[in-house]
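Engineer: I'd like to ask some things about the structure below.
The values are calculated or read from the model by the stated rules, or taken from the named source; none is laboratory data. Keep in mind that what you see is a predicted model, and the values were worked out from it rather than measured. Every residue, glycine among them, receives a Cβ derived from its backbone with ideal geometry; neighbour counts consider all protein chains shown. Protein only, heavy atoms only, side chains kept; ligands, DNA and RNA dropped before computing areas. Shrake-Rupley method; radii C 1.70, N 1.55, O 1.52, S 1.80 Å.
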Amino acid sequence: FDRLALKASESFPETSWTVANPGWKNASLLQGRKIVTIPDLVYREFQLDGFSEQEIQTHTKAVREVATAADKIICFSSHVVHQQIAGLLADRDSKKIRVVPHAPILPDSFADSENDSRAQLGNELRQLFSSEQMHRHYCDFPFERMRYILVSSQVRPNKNYKRLLKVFDTILRRHRRNIKLVVTGDLNSNEDLLLFLQERGLVFDVIQARNLREELHLRLIRHAEVIVIPTLFEGGMPFEFAEAVGMGTPCAFSRIPAFTESLTEQELAGPEVFNPRESHSIEQTILHVLDHREEVLKRQQIVVERLSQRTWTNVAEESLGY
C-alpha cells in the first residue's frame with residue numbers, strides 16, 4: 001500500500017486527495033493537498049467487542065499519523081471533535097478540523113402500488129428466510145399481514161440493542177401489543193443478546209432480517225409501524241430518519257448529539273424523542289408513536305422538509321473549499 005500511495009502521487013501530480021478512512025496510515029504518503037475525514041472514534045467513548053487494546057492503539061496511532069499529514073480534517077459532528085478527538089491530536093492539527101454536517105438522504109420514488117409492495121414484501125422475506133438455515137421457520141410466515149417495529153442497525157455496544165429488547169419485551173407482554181420487532185443486525189452474534197431472546201421467549205417475535213437487498217430494505221421501512229433509532233451515539237445525523245419519514249413512516253429516536261446538533265429545541269420537544277439510557281422513556285415513546293402515527297409523521301415531515309434545504313452539493317462545497 002505504501003508503493004500504491006507513491007505510485008498514485010506520481011501518476012496524478014498536484015492532485016487534492018480525499019481520504020475517507022483515517023486509519024489508512026499509507027495516506028500520509030500521498031503528495032499534494034489531503035483532506036481527511038474522521039467520522040468518529042467511537043472506541044474512545046464505548047467499549048467495542050472483538051477489538052484488543054493493541055488493535056485500538058494501532059488504529060489511534062494511524063489516525064494521528066494521517067491527521068498530522070492532512071491539510072484539513074473533516075468531522076460530521078461537533079460532539080466527535082470535542083469528546084472523541086480532543087486531546088488526541090497536537091494543537092496545530094486540531095486547528096485543521098472543520099465540522100461539515102451531513103445532508104439528509106431522501107428515498108428515490110417507489111413505483112409499486114402500496115398493495116403490490118406489501119405483497120412483494122411478504123414474498124421476498126419468505127424467499128430470504130427459505131435460503132437461511134437458522135431462520136427457516138419464517139419461510140411460510142404471512143409477513144404481508146404483520147405489524148412490526150423496525151430497527152435498522154448493526155449490533156454494536158453503542159446501538160443500545162439490549163435495552164431496546166427489554167423495552168420490546170415489555171410492550172409485548174405487559175401492554176399486550178400484537179406486533180413484531182424486525183432488526184437488520186445479527187443478534188445471534190452477541191451471546192448476551194441471544195441468551196436474552198431465548199430466556200424471554202422472544203425468538204419468534206424478534207425477526208432478524210440480515211443482508212437485505214436495497215429494494216427489500218426500502219419495503220421494510222415503508223411498511224413498518226414505526227422506525228426506532230435507539231442508538232447512544234452516531235457520528236453524524238442518522239440517515240434513516242429522513243429516509244423513513246420520506247417514505248411515510250414515523251420515527252421514534254434518541255436524544256443524542258447527532259440529533260441535537262441538527263434539530264431545533266422545538267423539534268426535539270416532541271413525544272417521539274426519548275432518553276436512550278432510560279427504558280421507560282423508550283417504552284412510552286414507542287407506544288405514543290404507535291398510537292399517533294399520522295400526527296407524528298406530519299410533524300416529522302415538516303422537519304425533513306427543513307433539513308432538505310441542505311444538499312449534498314453544500315456538503316461537497318464545504319468539504320472541498322479552502
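Engineer: Here's a check for you: in the range 31-45, which residue that is open to solvent by 80 Å² or more (accessible area, probe 1.4 Å) and within 17 Å of ILE73 (Cβ to Cβ) is farthest from the chain's Cα centre (by Cα)?
Structural biologist: Restricting to residues being open to solvent by 80 Å² or more (accessible area, probe 1.4 Å) and within 17 Å of ILE73 (Cβ to Cβ), the top hit is ARG33.
Engineer: Cβ-Cβ under 7 Å, sequence separation 6+ or interchain: first residue in the range 144-163 and free of Cβ contacts under 8 Å to residues at least 40 places away in the same chain, partner assigned to a loop (DSSP other than H, G, I, E, B) and of a type outside the set (Asp, Glu). Which pairs?
Structural biologist: GLN154/GLY185; VAL155/GLY185; VAL155/ASN190
Engineer: Continuing with the same structure: Regarding the range 17-30, can at least one residue be identified that is under 25 Å from PHE239 (Cα atoms), of a type in the set (Gly, Ala, Ser), open to solvent by 40 Å² or more (accessible area, probe 1.4 Å) and without any contact (Cβ under 8 Å) to a residue 40 or more places away in the chain?
Structural biologist: Among the residues of the range 17-30, at least one is under 25 Å from PHE239 (Cα atoms), of a type in the set (Gly, Ala, Ser), open to solvent by 40 Å² or more (accessible area, probe 1.4 Å) and without any contact (Cβ under 8 Å) to a residue 40 or more places away in the chain, which makes the answer yes.
Engineer: Further, regarding this structure: Looking at this structure, is GLN301 assigned to a helix (DSSP H, G or I), within 21 Å of the chain's Cα centre (by Cα) and at pLDDT 95 or above?
Structural biologist: Considered against the rule, which asks whether it is assigned to a helix (DSSP H, G or I), within 21 Å of the chain's Cα centre (by Cα) and at pLDDT 95 or above, GLN301 comes out as yes.
Engineer: Let me ask something else. Inside the range 143-239, counting only strands (runs of 3 or more DSSP E) that do not spill past its ends, which hold 1 or more residues that are surrounded by 19 or more Cβ atoms within 10 Å (Cβ to Cβ) and in contact with a Phe, Trp or Tyr (Cβ under 6 Å, 6 or more places away or on another chain)?
Structural biologist: 180-183, 226-229
Engineer: Please go through the range 130-142 and give me each residue that is open to solvent by less than 40 Å² (accessible area, probe 1.4 Å) and in a loop (DSSP other than H, G, I, E, B), ordered by number.
Structural biologist: Passing the criteria: GLU132, HIS135.
Engineer: A follow-up question, please. Test LEU48 against the criterion of being closer than 23 Å to VAL155 by Cβ and open to solvent by less than 40 Å² (accessible area, probe 1.4 Å), and give yes or no.
Structural biologist: yes
Engineer: Which of the residues belonging to the range 294-322 are in contact with a strand residue (DSSP E or B) (Cβ under 9 Å, 6 or more places away or on another chain), open to solvent by less than 100 Å² (accessible area, probe 1.4 Å) and of a type in the set (Ser, Thr, Tyr)?
Structural biologist: If the condition is that a residue be in contact with a strand residue (DSSP E or B) (Cβ under 9 Å, 6 or more places away or on another chain), open to solvent by less than 100 Å² (accessible area, probe 1.4 Å) and of a type in the set (Ser, Thr, Tyr), then SER319 is the only one that fits.
Engineer: Separate question: Being open to solvent by 50 Å² or more (accessible area, probe 1.4 Å) and touching a strand residue (DSSP E or B) at 6+ places or on another chain (Cβ under 9 Å) is the filter here; which residues of the range 51-78 pass it?
Structural biologist: ASP71, the sole residue that qualifies.
Engineer: Name the single residue, out of those in the range 254-266 being within 20 Å of the chain's Cα centre (by Cα) and in a helix (DSSP H, G or I), that is surrounded by the most Cβ atoms within 10 Å (Cβ to Cβ).
Structural biologist: Out of the qualifying residues, it is ALA258.
Engineer: Select from the range 269-287 the residues that are open to solvent by less than 40 Å² (accessible area, probe 1.4 Å) and modelled with pLDDT of 95 or more and list them in ascending order.
Structural biologist: Listed by number, the residues that qualify are GLU272, VAL273, PHE274, PRO276, SER281, ILE282, GLU283, THR285, ILE286, LEU287.
Engineer: Restricting the first residue to the range 268-297 and requiring it to be over 22 Å from LYS162 (Cα atoms), which pairs with a second residue that is small (Gly, Ala, Ser) and open to solvent by 20 Å² or more (accessible area, probe 1.4 Å) meet a Cβ separation below 7 Å and a spacing of at least six or different chains?
Structural biologist: Cβ pairs passing all conditions: LEU297/GLY248.
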